[in-house]
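Since the structure comes first, as C-alpha cells, the remarks are kept for the end.
The values are calculated or read from the model by the stated rules, or taken from the named source; none is laboratory data. Note that this is a predicted model, so its numbers are computed, not measured. In this analysis, Cβ positions are derived from the backbone assuming ideal geometry, glycine residues included, and neighbour counts consider all displayed protein chains. For accessibility, only protein heavy atoms count, side chains too; no ligands or nucleic acids. Shrake-Rupley method; radii C 1.70, N 1.55, O 1.52, S 1.80 Å.
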Amino acid sequence: MRSLFLMDDQAGLLTIKDKILYILVVIFLVTFYPGHISSVNVVAVVLLALYSFFLYNSFGEKINLLRRRKEVAAMAVFYLLHIVSSFFSKDQAEGFSWVVIRMPLFVFPVSLGLVYIKQELKERIIWAYAIITTITLLLCSVWAVYQTIAKRDITLLYNDNLTDLIDKQSIYIALLVNLAVFGFGYLLAIKSKLVTSKGLVYGSLFILLLTNLLLASRIAIITLYGSIICAAVWYTIQKKKLKLLGFIAAGMAVVAVLLITLFPKTLGRFRELENTHYQYNSKGAERHFNMDITPDQWNGANLRLALWSCGWELVQQNPVFGVQLGDKLHRLMEVYAAKHFYIAYNSHRNLHSNYLDILVSFGFVGFLLFLWGFLFEPMRHCIRNKDYFGLLVIVAFMLSFIPETYFDRSMGNMVFAFFIAFIVSYREPKVKTA
C-alpha cells in the first residue's frame, strides 16, 4: 500500500511531472466513486485536464503525438459533431444539455490522450485504480452486510442495493470491477515490482470476483468469465500445458455451481433471457431481481428488444445523419406513443444500447466515426503492440455498450473517455530511424 502514496522505492523512477500527474489521477479516481461529491470530481477532472494539456509536455510534442494518434482527432471530431447536431436540432436546449454531459469525450482525449506516459507511471496508475476500486467495493459490501443484518433483508446485498453507499448504478460499477480485475491480472502477468504482496492482490481479487456476482450484471459476468476462459486457454496453448485445461473446466464448473446455489437472484437475471416475447401495449409489471419470473412481465431481455425495435425504426427513417441529438428523445416518445408502448413512454426510457443511441442521433456517419476513433483504431494498436490490458478494457466497453446507453450518464462518459485516453497515452511514440 506504500506505493499508493509514492512511499516505495519504485517511486524514485518517476519524475516530478510524473508524480504530479499521478496524484491528479488518484484524486480523480478517489472523487469519482462517491455519489454525493460530483462537483468535487468535476474540479478534479478540470485540474487533471489542464495539467495534462498545458504543463505535462510541450505543444510541439502534442502536435507530433497527434500526427501519430489520428484516433484522437477522430474523437475530437465526434464530439464536435454533437455541437453541430445540437445547432440543427429543433430542441437546441436539449441538444446542448447533452453536449455538456458528454464533454469528457472531448476533454480526456485532447488532454490525457496527447501525452506520453511511460511504463513505470502506467503500472502505478493501473495499480492505484485497482486498489481504489477494491477498497470502494469492500466498503460498499460492509455497508450492505450491515443493512442486511439490520433490516433482515438478504436482497440488500444484490444489484443496486450493493452500491447504495456510493449512490451509483450497479451495471456501471460491475464494469469497473472487471477493469480492476484486468488491472491486477496484468500486473501479475508482467511481474510488476509494485506487487510486493501477492496476498493483497489475491485478497483483492476475491473481493472483486464476489462483488461481480452480487452486482448481478449479466454482461459484466459474461465479459469477466469469458475473458478469464479465453486468457487461460490461450496461455495453456502457448505454454503447451494442456492439462491445465482440465483445471479451467473444473473451475468454471465450480463457478456455475456457486452461481446456482449461493447466488440464486443473480441466476434469476440470466433466466430472464428465456422470456423474450413482448407486446408493446402490455401493462405487465417490470421484473425486479427479487421477483419471481412470470410470462406477463417486462424484464431486462424483452424490454430491451422492444426498445431496440423502436430505435431501429428511427434509424431506418434517418439513416445517414440521424434525427439530431436534441430531437432524439422527442422522436422516441412519438414512436412509443404510436405503438402504445406504455412502460417506455411513461418512464421516458432511453434505448438501452450505446450503439443504437449513436445511430439514432447521428446516423451511420457519426456511428462509423465513433467506431473508428474510440474503438477500432485504439484496438488495432493494442493488438499490434500486444497491449492485452488495453485490449481487454476496450472489449469490455464494447460489450457493455450493447445493453446500456453509457453516453446518457455523466459517469459513463467520464469513465469511458478516461480509460480510452489512458490506453492511447501510454502507447510509445514511433521514432523514425535514419
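Quick notes
- Verdict on Ile154 being more than 23 Å from Ile219 (Cβ to Cβ), out of contact with any strand residue (DSSP E or B) (no Cβ under 6 Å at 6 or more places or on another chain) and either open to solvent by 30 Å² or more (accessible area, probe 1.4 Å) or small (Gly, Ala, Ser) (or both): yes
- For Tyr336: the one exception among (1) open to solvent by 10 Å² or more (accessible area, probe 1.4 Å); (2) farther than 15 Å from Tyr406 by Cβ; (3) not aliphatic (A, V, I, L, M): (1)
- Of the helices (runs of 4 or more DSSP H) that lie entirely inside segment 283-387, those containing 3 or more residues that are within 21 Å of the chain's Cα centre (by Cα) span 300-317, 354-370, 377-384.
- Any chance Asn64 is part of a loop (DSSP other than H, G, I, E, B), of a type in the set (S, T, N, Q) and over 26 Å from Ala130 (Cα atoms): no
- Criterion (in contact with a Leu (Cβ under 8 Å, 6 or more places away or on another chain), at pLDDT 95 or above and assigned to a loop (DSSP other than H, G, I, E, B)) met by exactly one of Ile117, Ile132, Ile126: Ile117
- Scanning segment 162-183 finds no residues that are free of Cβ contacts under 8 Å to residues at least 12 places away in the same chain, surrounded by fewer than 21 Cβ atoms within 10 Å (Cβ to Cβ) and among the polar types (S, T, N, Q).
- Residue ID - least open to solvent (accessible area, probe 1.4 Å), chosen from residues in segment 232-265 that are touching a Leu at 6+ places or on another chain (Cβ under 8 Å) and modelled with pLDDT of 75 or more: Thr236
- Qualifying residue in segment 61-77 (condition: surrounded by 19 or more Cβ atoms within 10 Å (Cβ to Cβ), under 21 Å from Met414 (Cα atoms), modelled with pLDDT under 95 and under 25 Å from the mean Cα position of the chain (by Cα)): no
- Some residue of segment 363-386 being open to solvent by less than 10 Å² (accessible area, probe 1.4 Å) and without any contact (Cβ under 8 Å) to a residue 24 or more places away in the chain: yes
- Within segment 283-299, considering residues that are at pLDDT 75 or above and surrounded by fewer than 18 Cβ atoms within 10 Å (Cβ to Cβ), the one nearest to Leu214 (Cα to Cα): Glu286
- Residue check, Ile343 free of Cβ contacts under 8 Å to residues at least 40 places away in the same chain and of a type in the set (Val, Ile, Thr): no
- Filter result for the condition that a residue is at pLDDT 75 or above and open to solvent by less than 30 Å² (accessible area, probe 1.4 Å), over Val315, Val320: Val315
- Just one of the listed residues (Leu6, Leu47) is surrounded by fewer than 18 Cβ atoms within 10 Å (Cβ to Cβ) and at positive phi, and it is Leu6.
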